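The values are calculated or read from the model by the stated rules, or taken from the named source; none is laboratory data. None of these values were measured; they are calculated from a predicted model. As a convention, Cβ positions derive from the backbone with ideal geometry for all residues, glycine included, and neighbour counts pool all protein chains shown.
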Amino acid sequence: MSPSGAEVIRSIKGQIQEVDPADVQAALASDNGDAPILVDVRESDEWEAGHVPGATHVARGFLESRIESAAPDRSRRVVLYCASGNRSALAAHTLTEMLGYEDVASMRGGITLWKDRGYDVRTPRALTREQRERYGRHLLLPEIGTEGQLALLDAKVLLLGAGGLGSPVGLYLAAAGVGTLGLVDDDVVDLSNLQRQVLHTTGRVGTPKVDSAEQAIGDLNPDVKVVKYPVRLGASNIMEIIEGYDVIVDGVDNFPTRYLLNDATVRLGIPVVSASILGFDGQISVFKPYDGPCYRCLYPVPPPAELAPSCGANGVLGVLPGVMGLLQAVEVIKLVTGAGDPLVGRLLLYEALSTSFTELKVRRDPECPICSRPPEDISDDEMGVFPDYEAFCAAAG
Amino acid sequence: MATIKIPPVLRPSVGGEREVAATGASVGELLHGLAEQHPATQSQLFGADGNLNRYVNVYLNDEDVRVLDGLDTPVGESDTLVILPAMAGGA
């Protein structure tokens, strides 16, 4: 006669290591670097109702396929828990017998006994059912997961310009669930914008770009709050506009604003994901104040007008801001979620015609007029200052 | 032959090429060679004092030549020199 389920569980418990919650608590609290990896094998709704702080969630149904991202080193100690210690015993048996984990234990009595002992339980903020469905493909990525998605929903990202670069950044960050998108643009949609500015539509030619963008973003994802600034960014309004944002996406088309933005963001400690485009060429870098170089470390002085074609109208391949803008959007998501290595201290050049990427090192300038000093020493009068640039541009017409 | 990558703003001065081959033992020799061959680049690369203009960054492979030996930095046969003025286009 086949054994009953209860008999199987009893038999398996005899074959695996069990550990008391008190020992787990002590091992987690000890700071000697050999704390076990604690894995909660319950279902998602049980995890969301409250779990042991520091635990990782791998539901038992996904144990074999996902345990390696939670516990890549098979020789390291792993402690599993569930509600009362049965499912985690079965999971411990699987890890030991089938997956070659060397030191696996199941926490006796599960989280029920853990709570009875009065130990800490963390109740995470949860996503709604609709959000879990909408962002499902993010939740499957261990680098993002629920925590990363909540960080995105909490994030405030400011886009300077709702044009060529701002369009793809705005659309994809909205799709990714960035909770607040600020848009600074004082322009109206023009027919000639539509070759590349995919936030806008033929029907919205003549509408302010911030309104057109708000419409597109709202249609894509109602989770996103759009804050509109239909103004030109200048010395008089920059501090007020950018303060409180977590990341700024720079796609502005002129040097004076880029320097002004640099100085203001260094003062406030806000990272800037900066890109520029011309013809078939683009460049991108992340300027994270005091962690890496700033824009002035890279370009201490702007070029004269004849070498700065942004002063006038120039051609650009319509897809190019799409490529560069999406590289910017990826960097924003990395900064917000902490995933990966952002493009800090590195400048990436993209040449569409040869399909080549070149990466250059950018170093902090120990004599940088701005970021070599503490932020509180940078005065209003110094911001955005450099030799006579506007006169150059005016002369070039 | 080393390769010099030409940025978009300088391409009209070198007949539209995106990169040019150049000979020389140092960064300075390569750039002066470029300026001799394409005189329109002279004033864009060098100031009246003969130094590189401050708004032009030059990289040997991936490193800024200013943190190496500047114009005296030695250049090998298979090296790439990247000339990079600031760009600000966004629209």
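Structure values in brief
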quantity	calculated
Test for A:Leu268: is it more than 11 Å from chain B (Cβ to nearest Cβ), in contact with an Asp or Glu (Cβ under 7 Å, 6 or more places away or on another chain) and surrounded by fewer than 20 Cβ atoms within 10 Å (Cβ to Cβ)	yes
In the range A:323-363, the residues that are crowded, with 20+ Cβ neighbours inside 10 Å, in contact with a helix residue (DSSP H, G or I) (Cβ under 8 Å, 6 or more places away or on another chain) and more than 11 Å from chain B (Cβ to nearest Cβ)	A:Ala329, A:Val332, A:Ile333, A:Val336, A:Thr337, A:Pro342, A:Leu343, A:Tyr350
Answer from B:Ala25, B:Ala86, B:Ala35 - the residue that is hydrophobic (A, V, I, L, M, F, W, C), under 28 Å from A:Gly315 (Cα atoms) and more than 7 Å from chain A (Cβ to nearest Cβ)	B:Ala35
In the range A:97-112, residue nearest to A:Ala71 (Cα to Cα) [restricted to those that are outside any helix (DSSP H, G or I) and within 34 Å of the chain's Cα centre (by Cα)]	A:Tyr101
The range A:121-145: number of residues that are among the β-branched types (Val, Ile, Thr) and surrounded by 15 or more Cβ atoms within 10 Å (Cβ to Cβ)	1
Top-ranked residue in the range A:271-301 [being out of contact with any strand residue (DSSP E or B) (no Cβ under 9 Å at 6 or more places or on another chain) and at the interface with chain B (Cβ under 10 Å from one of its Cβ atoms); ranked as modelled with the highest pLDDT]	A:Pro300
Positions within the range A:57-95 being touching an Asp or Glu at 6+ places or on another chain (Cβ under 9 Å), of a type outside the set (Gly, Ala, Ser), surrounded by fewer than 19 Cβ atoms within 10 Å (Cβ to Cβ) and farther than 18 Å from A:Asp23 by Cβ, in sequence order	A:Arg60, A:Arg74
Single residue of B:Arg18, B:Arg66, B:Arg54 found to be surrounded by 16 or more Cβ atoms within 10 Å (Cβ to Cβ), closer than 27 Å to A:Leu165 by Cβ and either at pLDDT 95 or above or within 14 Å of another protein chain (Cβ to nearest Cβ) (or both)	B:Arg18
Extreme residue, farthest from the chain's Cα centre (by Cα), among residues of the range A:253-265 that are closer than 18 Å to A:Gly163 by Cα and crowded, with 24+ Cβ neighbours inside 10 Å	A:Phe255
Helices (runs of 4 or more DSSP H) wholly inside the range A:228-327 that include at least 1 residues being farther than 27 Å from A:Val178 by Cβ and not charged (D, E, K, R)	A:255-268, A:295-298
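Residue-by-condition table, conditions (1) assigned by TED's automatic domain parsing to the domain that holds A:Phe280; (2) out of contact with any strand residue (DSSP E or B) (no Cβ under 6 Å at 6 or more places or on another chain); (3) over 16 Å from A:Lys228 (Cα atoms):
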position	(1), (2), (3)
A:Gly148	no, yes, yes
A:Ser167	yes, yes, no
A:Leu183	yes, no, no
A:Asp187	yes, yes, no
